[in-house]
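What follows is a single structure, written as structure tokens, with notes after it.
The values are calculated or read from the model by the stated rules, or taken from the named source; none is laboratory data. None of these values were measured; they are calculated from a predicted model. Methodologically, a virtual Cβ is constructed for each residue, glycine included, from the backbone with ideal geometry; neighbour enumeration extends over all protein chains shown.
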Amino acid sequence: MPQETPATVKIVRFHQTGAADVLQIDEMPLPEPGPGEVRLRVKAIGLNRAEVMFRMGRYLAQPVLPSKLGYEASGTVEAVGEGVDPAWLGKTASTVPAFPADRYGVYGEVAIVPAHALAEYPAKLSYEEGTSIWMQYLTAYGALIHYGKLSKGDFMVITAASSSVGIAAIEIAKAEGAISIATTRTAAKKAELLALGADHVIVTDEEDLAARVLEITGGKGARLVFDPVAGKGIEALAKATAHRGTIFEYGALAAEPTPYPLFAALSKGLSIQGYTLFEVVSDPEVFAASKRYTFDHIEAGDFKPKVDKTFPLSEIVEAHKYMESNAQIGKIVVTV
């Protein structure tokens, strides 16, 4: 006899903004998908910095309390809403961050998400790997391939390079024949970043970033800079950028005001471009191209999602605290 679906499920929510301890696991009625939605039976959840900021009330969208959270999960589609192709039922898929943070969330035993935010991934990947691809590769694709037109021989600076997005950018640079210059604050991650394919690694606590980039590039500077940190560091990045180069700012990890490097911008004709993944997922053609690019490079073995550490769902608070420690190299995954 078929096993009955439990009437209740465990869902992670927070009832107030703040530190990781505000996260709690609530027992809730099994949710049903509405029109255009599916219910995913979750097997693994990929954590992202955006979720830490959302939990703290410092994100682009503000939580409606009590709030769910989370963009990336992998699992099996077990129910579909009105207007959704029933062929999705029973398929293994993962969620793409193509929905508002304040309307949906995937931390839990099940997740209700829009059908357009589902994507099948290469069958060779585990659930843990399958939840560790879309945010990082699509974010990097949008800036480096779609906008930046990264090509063979280009020099590119990647800050916060040990993050999952940073590692994705290193892999994209290698696939395109570009030269990646990864940065990390301490020497502890240098060897691992080189092993992951970075052509050069600058330890910013020990080295002058701009001077080292100019040395590596023969005085020309980097054509592209891919930066989620912002803050005062943008001034050094501007010095390190080539004439008519572009700095992509896709985050605000510094949590401080970001000065505009006026004189460097004027003298070099720099472009400083604010950018988020949502520019990719909101354009159907670019979205489709980015998914195809990612899928094909994973299949070819050019891209391999790196899972740093896994936690069970019962340790979601510890998983968030670990993310905030900045100790990881790659993706933090929660298993369900």
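For this structure, a couple of remarks:
- Which listed residue, of TYR107, TYR127, is buried (at least 24 other Cβ atoms within 10 Å of the Cβ) and either of a type in the set (Gly, Ala, Ser) or in contact (Cβ under 8 Å) with a residue 60 or more places away in the chain (or both): TYR107
- Selection count, the stretch 245-294, where residues are surrounded by fewer than 15 Cβ atoms within 10 Å (Cβ to Cβ) and acidic (Asp, Glu): 3
- Of residues in the stretch 213-234 being aliphatic (A, V, I, L, M) and within 17 Å of ILE145 (Cβ to Cβ), the one surrounded by the fewest Cβ atoms within 10 Å (Cβ to Cβ): LEU224
- Residue check for THR258: assigned to a loop (DSSP other than H, G, I, E, B), touching a residue at least 12 places away in the same chain (Cβ under 8 Å) and assigned by TED's automatic domain parsing to the domain that holds HIS146: yes
- Lone qualifier among LYS291, LYS321, LYS309 - being within 30 Å of GLN24 (Cβ to Cβ), of a type in the set (D, E, K, R), part of a helix (DSSP H, G or I) and out of contact with any His (no Cβ under 6 Å at 6 or more places or on another chain): LYS321
- Flag if SER67 is farther than 23 Å from ALA168 by Cα and hydroxyl-bearing (Ser, Thr, Tyr): yes
- As a summary of the residue check, PHE311 satisfies the conditions (1) at pLDDT below 95; (2) farther than 28 Å from GLU176 by Cβ; (3) surrounded by 15 or more Cβ atoms within 10 Å (Cβ to Cβ) except for the one numbered (1).
- Of the residues making up the stretch 114-154, those that are part of a loop (DSSP other than H, G, I, E, B) and more than 18 Å from GLU72 (Cβ to Cβ) number 9.
- Residue in the stretch 155-165 that is assigned to a helix (DSSP H, G or I) and either surrounded by fewer than 24 Cβ atoms within 10 Å (Cβ to Cβ) or of a type in the set (S, T, N, Q) (or both) present: yes
- Residue within the stretch 267-277 that is over 23 Å from LEU224 (Cβ atoms) and in a strand (DSSP E or B) present: no
- Scanning the stretch 1-43 for residues that are farther than 30 Å from ALA254 by Cβ, of a type in the set (A, V, I, L, M) and in contact (Cβ under 8 Å) with a residue 12 or more places away in the chain yields ALA7, VAL9, ILE11, ILE25, MET28, LEU30, VAL38, LEU40, VAL42.
- Some residue of the stretch 31-44 being surrounded by 19 or more Cβ atoms within 10 Å (Cβ to Cβ), farther than 14 Å from LEU118 by Cα and assigned by TED's automatic domain parsing to the domain that holds GLN328: yes
- Across the stretch 198-230, the qualifying residues are those that are aliphatic (A, V, I, L, M) and out of contact with any strand residue (DSSP E or B) (no Cβ under 8 Å at 6 or more places or on another chain), and the one among them that is nearest to ALA160 (Cα to Cα) is VAL229.
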